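In what follows, a single structure is set out as structure tokens and then discussed.
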Amino acid sequence: MPLAFDRVGDGAPAFVFVHGFGCAREDWAAQAAHFKGAHTCLSVDLPGFGESPPLPGGPSMQAFGSAIARTLEAEDIDRSVLCGHSMGCRPIIEYAIVHPERVDGLVLVDPGRASTNSEPSKRQFEILIAERGFPDHARAMFANMFFDPTYNELRDRLAERGAGVPADVATLTYLAMLDWDANRCEAAFDAVRVPVLVIQSTTRNPGEDRRPLKPGEMSPYQKMIVERINGAESESFPGLGHFTMIEAAGDVNARIARFVEERVTP
């Protein structure tokens, strides 16, 4: 089944927007509204999130990429710029590796963390889930994604949305994401052959707590992308939380537009 999605606008290149863990397609509303005047914009819910059913074979970042491919085929979108947030960066990378001829560019917004060993993170996650249950763990995760009290109401709304994801879907998806980061990301980055822009606003302390980037700082994951993906562009947005495309919508829209103008061939 194609993924649940919203489609607005018309024009090439198309934009495809993919949300992060515990999230949904509405998180890209500011970008869809901005670009729909000249571009087809498709915002999707990944399997098991929002209004999309889970995959019968279980989640993986590669399977999510295939689900995106099926949806774009059903919608007759041959070429696109794919924009991912957080976990959503991984499936669009997998899509671009399999279908480079259909990708004009990738935009990776606050994509993740560098990790070569997923086992400690898996154990920590499983312990927290056992102690708190997934809904309370999700609320705690989202509490650490915004740092400006202006966004407290939005933070709480997104936390409740994340807490409502079925626990089995959320747990399996999160573990699949950790596996990808530990065992797949470096090879995946090396295989990317399309223009890439990474937009980063946060990083993590040694204790795994998220914090805003400082002026002039790059996160380890951001550095890895720039080093391993030939020609990748990078832009840091210091002082913001994890949802860069919401907190700095205008600046993010302008940076994406410049990337498309400079790197995407009409």
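No lab work stands behind these numbers, since they all come straight from the coordinates. Just so we're clear, the structure is a prediction, and the values are computed from it rather than from any experiment. No Cβ is skipped: glycine too gets one built from the backbone with ideal geometry, and neighbour counts run over all protein chains shown.
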Query raised in the report: Modelled label-to-label distance, ARG184 and THR150, 7 Å Cα→beta-carbon offset: nm?
Result: 3.7 nm
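Which FRET efficiency value, to the nearest 0.05, do you get for ILE127 and ARG258 by plugging their Cβ-Cβ distance into 1/(1 + (r/R0)^6) with R0 = 35 Å?
That pair, ILE127 with ARG258, gives E of 0.20.
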**Report entry** segment 128-266: mean projected area of Cα convex hull, nm²
**Finding:** 10.0 nm²
Report summary line: Computed about the Cα centre, the charge dipole of segment 160-266 from +1 Lys/Arg and -1 Asp/Glu charges at the Cβ has a magnitude in debye, to the nearest 20, of 140 debye
Report task. Assign unit charges at the C-beta atoms only (+1 for Lys and Arg, -1 for Asp and Glu), then state the dipole size of segment 74-127 relative to its Cα centre in Debye, rounded to the nearest 20. Result -> 340 debye
Query raised in the report: Regarding the chain, what are the three Cα extents along the principal axes, ordered largest first, in Å?
Result: 52, 44, 37
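Roughly what % antiparallel, to the nearest 5, for the DSSP beta bridges in the chain?
Just about 25 percent of them are antiparallel.
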Report summary line: Any aspartates and glutamates whose Cα falls less than 13 Å from that of LYS223, other than same-chain ones fewer than 8 residues away, would be ASP110, GLU186, GLU233, GLU235
Report task. Would you kindly calculate the translational diffusion coefficient of segment 80-150, applying Stokes-Einstein with the Kirkwood radius from alpha carbon pairs, for 37 °C and a viscosity of 0.692 mPa s, and quote it in µm² s⁻¹ without decimals? Result -> 224 µm²/s
Report summary line: Rounded to the nearest 500, the 222 nm mean residue ellipticity computed for the chain from DSSP H runs (n ≥ 4, each -39500 (n - 2.57)) alone is -13500 deg cm²/dmol
Requested in this report: Please work out how much length the chain gains when fully extended from LYS36 to ALA191, using 0.36 nm per residue of separation minus the C-alpha to C-alpha distance, in nm with one decimal.
Outcome: 52.7 nm
Query raised in the report: Between ARG228 and ARG79, what FRET efficiency comes out of the Förster formula 1/(1 + (r/R0)^6) with R0 = 22 Å and r the beta carbon distance, rounded to 0.05?
Result: 0.35
Report summary line: In a Gaussian network model of the chain with springs linking alpha carbons closer than 10 Å, the residue among PHE237, PHE147, PHE17 that fluctuates most is PHE147
Query raised in the report: Among ALA248, ALA69, ALA130, whose mean-square fluctuation peaks in a Gaussian network model of the chain (Cα, cutoff 10 Å)?
Result: ALA130
Query raised in the report: To the nearest 20 debye, what is the magnitude of the charge dipole of the chain about its Cα centre, counting +1 on the Cβ of each Lys and Arg and -1 on the Cβ of each Asp and Glu?
Result: 320 debye
Report summary line: In nm, the gap between the two label points placed 7 Å beyond Cα toward Cβ at ARG211 and GLU101 is 4.8 nm
